[in-house]
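**Student:** The structure is given below, and queries will be raised subsequently.
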Amino acid sequence: MLPIPRTWRVLTDVRWHRWPDEALFGVRRLSEDGVHVWRTGLDVPATRLAGLGAYLTPEEMARAERYRFPSPRRRFIAARGLLRELLGAYLELDPARLRFRQNAWGKPLLLEPPDALQFNVAHTEDLALIAVSVGGAVGIDVERVRPLAHPDRLAARTFSPLEYAAFRELPPSQQLEAFFAVWTRKEAYMKARGWGFHLPPDAFDVTVAPDAPPQLLADRQAPAEASRWSLHDLAVGTAYRGSLCVSSLARGP
């Protein structure tokens, strides 16, 4: 088992806590009805970054080099290396030996061993979240809550009519938080389905109020999906909104 970096924390049952430093959580400890969500920073020291970069394939390093500025390039290398390190510890494999593929809509999956783990990654600036499951598909998203020039216009373009109506009814003081709550809930679902933005964001409804229990209310393109998924808001800190979507086969919280 690989030593756990001190930057990692694991979330189980949607409660953050620090995992022991001496070992990563083995896959045998991840039950078929459980989901683990890990968080870490991406601005790592140069020596640590070099070690993470050593796990990457030439193709991944070529992708990193396409970033124009150093900071996003380093964060890409860190995110890919940390993902490999974490999945390698679950599977007890060398992180550099892991191979990935993409589904028809671009969602990353393990190529070998196939179906051993389901995972999903989200990051915003320096913060990264990784969801891991053996029981079913997962999707995760995180966004820094930041000022927006016209949140109402963005909501009108990306929310469903039902969501937009509920958004307009909120006090202006809640609308910014609501925008990021809705957006992370929606993107977590789109990623869990494996479609990403090939699934139109206005084709389904989620709860809107920031403090409302997160829920997938309806999917008009696939009505049966509403009962197959559960949404969970993540306590990532006041500066962020995070959401997790899990299938009925992998109910972590």
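**Student:** Whether any residue in the range 91-105 is assigned to a helix (DSSP H, G or I), acidic (Asp, Glu) and assigned by TED's automatic domain parsing to the domain that holds VAL44 is what I want to check.
**Tutor:** Of the range 91-105, the ones assigned to a helix (DSSP H, G or I) are 91, 95-97.
Keeping just the survivors that are acidic (Asp, Glu) gives none.
No; the residues of the range 91-105 include none that is assigned to a helix (DSSP H, G or I), acidic (Asp, Glu) and assigned by TED's automatic domain parsing to the domain that holds VAL44.
**Student:** Follow-up question, since we're still on this one. Looking only at the range 169-197, how many residues end up being touching a helix residue (DSSP H, G or I) at 6+ places or on another chain (Cβ under 8 Å), over 20 Å from GLY136 (Cβ atoms) and either touching a residue at least 24 places away in the same chain (Cβ under 8 Å) or of a type in the set (Val, Ile, Thr) (or both)?
**Tutor:** Number satisfying all stated conditions: 7.
**Student:** Checking the structure you have, find out if any residue of the range 141-160 is within 23 Å of VAL35 (Cβ to Cβ) and of a type in the set (A, V, I, L, M, F, W, C).
**Tutor:** Yes, the range 141-160 contains a residue that is within 23 Å of VAL35 (Cβ to Cβ) and of a type in the set (A, V, I, L, M, F, W, C).
Residue-by-condition table, conditions (1) in contact with a Pro (Cβ under 8 Å, 6 or more places away or on another chain); (2) polar (S, T, N, Q):
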position	(1), (2)
THR124	no, yes
LEU127	no, no
ALA131	no, no
GLY139	no, no
PRO151	no, no
ARG157	no, no
PRO161	no, no
GLN175	yes, yes
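**Student:** Which ones in the range 98-146 are of a type in the set (Lys, Arg) and in contact with a Phe, Trp or Tyr (Cβ under 6 Å, 6 or more places away or on another chain)?
**Tutor:** First pass over the range 98-146, keeping only residues of a type in the set (Lys, Arg): 99, 101, 107, 144, 146.
ARG144 - this is the single residue of the range 98-146 that is of a type in the set (Lys, Arg) and in contact with a Phe, Trp or Tyr (Cβ under 6 Å, 6 or more places away or on another chain).
**Student:** I need the full set of residues from the range 106-124 which are surrounded by fewer than 17 Cβ atoms within 10 Å (Cβ to Cβ) and either in a loop (DSSP other than H, G, I, E, B) or touching a residue at least 60 places away in the same chain (Cβ under 8 Å) (or both), in order please. If you could, list the steps in order and put the result at the bottom.
**Tutor:** At the first step, the residues of the range 106-124 found to be surrounded by fewer than 17 Cβ atoms within 10 Å (Cβ to Cβ) are 106, 108-109, 111-116.
Of everything in the range 106-124, those that are surrounded by fewer than 17 Cβ atoms within 10 Å (Cβ to Cβ) and either in a loop (DSSP other than H, G, I, E, B) or touching a residue at least 60 places away in the same chain (Cβ under 8 Å) (or both) turn out to be GLY106, PRO113, PRO114, ASP115, ALA116.
**Student:** Residue under question is SER247, and the condition is that it be closer than 21 Å to GLY34 by Cβ, of a type outside the set (A, V, I, L, M), modelled with pLDDT of 95 or more and surrounded by 14 or more Cβ atoms within 10 Å (Cβ to Cβ); does it hold? Working first, answer last.
**Tutor:** On the way: closer than 21 Å to GLY34 by Cβ: yes; of a type outside the set (A, V, I, L, M): yes; modelled with pLDDT of 95 or more: no; surrounded by 14 or more Cβ atoms within 10 Å (Cβ to Cβ): yes.
So SER247 fails the test.
**Student:** Here are some conditions: (1) under 29 Å from GLY41 (Cα atoms); (2) modelled with pLDDT of 95 or more. GLY237 meets all but one. Which one does it not meet?
**Tutor:** Going through the list (1) under 29 Å from GLY41 (Cα atoms); (2) modelled with pLDDT of 95 or more, GLY237 breaks only (2).
**Student:** Let me ask something else. Which of the residues belonging to the range 46-63 are of a type in the set (A, V, I, L, M, F, W, C) and either buried (at least 20 other Cβ atoms within 10 Å of the Cβ) or more than 17 Å from HIS123 (Cα to Cα) (or both)? Before you say what the answer is, go through the steps one by one.
**Tutor:** Going residue by residue through the range 46-63, those that are of a type in the set (A, V, I, L, M, F, W, C) are 46, 49-50, 52, 54, 56, 61-62.
Hits for the range 46-63 are ALA46, ALA50, LEU52, ALA54, LEU56, MET61, ALA62.
The values are calculated or read from the model by the stated rules, or taken from the named source; none is laboratory data. Quick caveat: nothing in here was measured; it's all calculated off a predicted structure. We place every Cβ from the backbone using ideal geometry, glycine too, and count neighbours over all the protein chains shown.
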